[in-house]
Amino acid sequence: TDEIMHQDIIPLYAADIEDQLKKQFAYLSGGRGGDGCPVITFPDYPTFSEIPEKEFQNVLTYLTSIP
């Protein structure tokens, strides 16, 4: 089973993960895909492979929860 899909979703607020968001390894560019979903951009980030999994999950959870 996919662990991520079975985790309890706890709402995240920008203030809760401010330091993680400031790294800008992922962000909402303002664009939308063909289906109307927001586009998440992953710019070139020199230490991307060193981002802890929990930090990555927090940022993506937050970005995908923004209406």
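Number of residues in the range 1-19 that are over 16 Å from Ile66 (Cα atoms) and either at pLDDT 95 or above or of a type in the set (Ser, Thr, Tyr) (or both): the value is 2. Filtering the range 11-67 to residues that are of a type in the set (Gly, Ala, Ser) and at positive phi leaves Gly30, Gly36. Does Gly30 fit the bill of being out of contact with any Phe, Trp or Tyr (no Cβ under 7 Å at 6 or more places or on another chain), open to solvent by 60 Å² or more (accessible area, probe 1.4 Å) and not β-branched (Val, Ile, Thr)? Yes: the conditions hold for Gly30. Out of everything in the range 33-67 that is assigned to a helix (DSSP H, G or I) and more than 20 Å from Leu12 (Cβ to Cβ), what residue ends up being least open to solvent (accessible area, probe 1.4 Å)? Out of the qualifying residues, it is Phe48. Taking Gln24 as the residue in question, decide whether it is within 22 Å of Pro11 (Cα to Cα) and part of a loop (DSSP other than H, G, I, E, B). Here the answer is yes, as Gln24 does meet what is asked. Within the range 37-67, the set of residues being touching a residue at least 40 places away in the same chain (Cβ under 8 Å) and of a type in the set (Phe, Trp, Tyr) comprises Tyr62 only.
The values are calculated or read from the model by the stated rules, or taken from the named source; none is laboratory data. The shown structure was predicted, so the numbers you read here are calculated from the model rather than taken from an experiment. In this analysis, Cβ positions are derived from the backbone assuming ideal geometry, glycine residues included, and neighbour counts consider all displayed protein chains. These accessible areas exclude ligands, DNA and RNA; they are computed on the full protein's heavy atoms, side chains included. Shrake-Rupley method; radii C 1.70, N 1.55, O 1.52, S 1.80 Å.
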